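All remarks here apply to the structure that follows.
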Amino acid sequence: MNGERWTVARSPRDIGRFVQQTRKREGLSQGALADELGLTRQYVSEVESGVENLYITRLFEMFDALGVDVRLAERAGRAGE
């Protein structure tokens, strides 16, 4: 796939791992990413840890019930810029 990095997300933990790996490849700390987005470092940490809440749990239940896969992919040309 031309070196494209991607994964199928089946849980919040999958999303968190992908976010963490991508953030690290971009050379950003959790704090720097949080600052860039106007978030707290704690929130970024929770996302990367796959912390679940009712909304995200129900969302993945809907995906599962509907046979939907969520594909996470880095945008072309983004990594390593």
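The values are calculated or read from the model by the stated rules, or taken from the named source; none is laboratory data. Since the model is a prediction, treat every value here as computed from it, not as a measurement. Glycine gets a Cβ as well: all are built from the backbone with ideal geometry, and neighbour counts include every protein chain shown.
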Just wondering, is there one or more residues in segment 31-48 that are under 17 Å from Asp14 (Cβ atoms) and touching a Pro at 6+ places or on another chain (Cβ under 9 Å)?
yes
Could you tell me whether any residue of segment 41-60 is modelled with pLDDT under 90 and closer than 20 Å to Gln21 by Cα?
yes
Just one of (1) assigned to a helix (DSSP H, G or I); (2) out of contact with any helix residue (DSSP H, G or I) (no Cβ under 9 Å at 6 or more places or on another chain); (3) at pLDDT 95 or above; (4) not hydroxyl-bearing (Ser, Thr, Tyr) trips up Gln20, so point out which.
(2)
In this structure, does Ile56 turn out to be touching a Pro at 6+ places or on another chain (Cβ under 8 Å) and either at positive phi or part of a helix (DSSP H, G or I) (or both)?
yes
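Go through segment 40-70 and give me each residue that's touching a residue at least 60 places away in the same chain (Cβ under 8 Å) and of a type in the set (D, E, K, R).
Asp69
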Just to be sure I understand, how many residues within segment 23-35 are modelled with pLDDT of 95 or more and either buried (at least 17 other Cβ atoms within 10 Å of the Cβ) or under 16 Å from Thr7 (Cα atoms) (or both)?
4
